[in-house]
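As structure tokens, the structure follows; a few thoughts come after it.
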Amino acid sequence: MAGPVLASIRIMSSEIKNREITADAETGRDFAIWEILSVVSSGLLMEWVVLSFAGRSKLVGGIPVVLALGFMLYSHYDRGETLREIGFRTDNFLAACRLLLLPTALVVLLVIAVAWLTSHSILIAPWRNRFLILPLWALFQQYVLNGFINRRAQLALGKGLKSVVLVAIIFSLFHFPNPLLALLTFVGGLIWAAAYQRQPNLFALALSHALSSLILALAISPKLLEGLRVGFKYFG
Amino acid sequence: MKNPSTRLVHVLIGKSIVETLVVGALAVFTFITVLPPFFHGWSEVTETGISGWAVNNASPWERVEVQLFVDGKFVGDAIADQARPDVSTAGWAKDAWHGYTFPINSMPRGVHEARIYALHDSGGGMRKSLQLLGKPILFSVDASGKIWPGPS
């Protein structure tokens, strides 16, 4: 008599556990979308609201960035992600570079061709010392874009086209309303997000990003790129 | 990758609340800096144009720069530094030198609306804002070019 009862209790408890696991996974996916929205809203707040209100005050302008960065770091800690998983690693650097070599070379050649066709010169803009920090700036952007947003997008939408396009749209959105930058960053976002999903290495992505940005800043007329201004600054 | 803990949810909500507070505080600060509620003034139609006075209560000795717009178009600007003893007698200003006059001529016949704005600089001259002084004034211009208060 007790045997069938115990067996049915075991089956019921196993079903409840399965439902809990499914619910947990769904919650994790839904929450990943909230995490992306939170980080994106911080970036847009800084570009469109805080910079326009706070003007030159870097202290105030930095508040959304510090909040977003703090949140992202805590999220990695909470979800038990390691630096290696995020992409701060060297073991797949060459493999990631091999993936990025052709698209980066194509972008560089395309930019040089456009520069030559429009002004019969390759290097138009003068060298600026701020270009020296480009690799670090590129690494930071790639960390936010791929080390955080891409990873959360994969949680929410899975690996593949959907999450890659979402990452590219977000990267492009950060460069609005500058039309040329928005277009170029969408293309760049597609390439880097796809490469990250195959070989998650942020150093290789930063190298490709810094190289493309440098060539773009030196070869394309600042007028055409609207001085690389984005957000509210674009209008001022 | 682990599922998020309740603590992470709380951190996200906390971050959103802090951002909302920062943006709210910035909005209030910006409003007070760009459009400070310290400007007072009045204007009226006279035989020759539009006259009035303007005072910045936050800086009572300052001579306020004013601009005249008629039918939404800029007409001219002036510094409110003419004698208006009645303004200081009434207690609106510390001294009598807050008056201005905008002569109006060559205005087409018909009814027009004049607005006087106080010009305010903020952010070290980076931002300029206009604040309406008093109420918009309706005036009419007859066939001879003379101006009259009101619509007719």
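Derivation of every value follows stated rules applied to the coordinates shown; laboratory data play no part. Being a predicted model, the structure only gives us computed values, none of them experimental. Here the Cβ is made from the backbone with ideal geometry for all residues, glycine too, and neighbour counts use every protein chain on show.
Things worth noting here:
- Across region B:108-117, computed HN-Hα scalar couplings (Karplus, 6.51 cos²θ - 1.76 cosθ + 1.60, θ = phi - 60°) run x, 4, x, 9, 10, 10, 10, 10, 9, 10 Hz from first to last residue, x flagging Gly and Pro.
- Crossing angle, helix A:2-44 versus chain A [Cα axis fit, 0-90 degrees, rounded to tens]: 20
- The alpha-carbon of A:K223 sits under 20 angstrom from the alpha-carbons of these lysines, leaving out residues fewer than 8 places away in its chain: A:K233.
- Net +/- balance of residues flanking B:S59 in space, Cβ distance below 15 Å, scoring K and R +1, D and E -1: -3
- Remark on the protein assembly as shown: Rg and Dmax equal 31.1, 114 Å (Cα only).
- Partner aspartates and glutamates whose Cα lies under 17 Å from the Cα of B:K135, excluding those fewer than 8 positions away in the same chain, are identified as B:E44, B:D71, B:E113.
- Sum of -39500 (n - 2.57) over DSSP H runs of 4+, divided by residues of chain B (222 nm, nearest 500): -7500 deg cm²/dmol
- Restricting the calculation to Cα atoms, every distinct pair contributes to the Kirkwood radius of region A:22-99, found to be 15.0 Å.
- Normalised by 2.2 N^0.38 Å, where N is the number of residues, the alpha-carbon radius of gyration of region A:97-236 equals 1.04.
- Residue-count net charge about A:T82 - beta-carbon cut-off 15 Å; Lys, Arg +1, Asp, Glu -1: +1
- Note on region B:39-149: percent of Cα-Cα distances in each 5 Å bin, starting at 0 and stopping at the bin with the largest distance, equals 2, 13, 23, 23, 17, 12, 7, 3, 1, 0.
- Globularity index of region B:3-84 is 1.96 (Cα radius of gyration / 2.2 N^0.38 Å, N = number of residues).
- A convex hull fitted around the alpha carbon atoms of region B:1-47 yields 110 Å³ per residue.
- Rounded Å value of the spacing that divides the Cα centres of region B:3-32 and region B:76-123: 44
- Charge sum, other residues only, whose C-beta stays under 14 Å from A:A95's C-beta, Lys/Arg counted +1 and Asp/Glu -1: +2
- Under 5 Å, built H, 5+ apart or other chain: amide partners of B:F102: B:I50, B:S51
- Rounded tilt (10° steps) of B:6-34 against the dominant C-alpha axis of chain B: 20
- At an R0 of 25 angstrom, the distance between the Cβ atoms of B:S129 and A:A125 translates into a FRET efficiency of 0.10.
- Sorting B:L133, A:L228 by the number of Cβ atoms found within 10 Å of their own Cβ, with the fewest placed first, yields A:L228, B:L133.
- For region A:22-103, applying the loop criterion from DSSP together with a ceiling of 11 other beta carbons within 10 Å to the trypsin sites (Lys or Arg not before Pro) yields A:R56.
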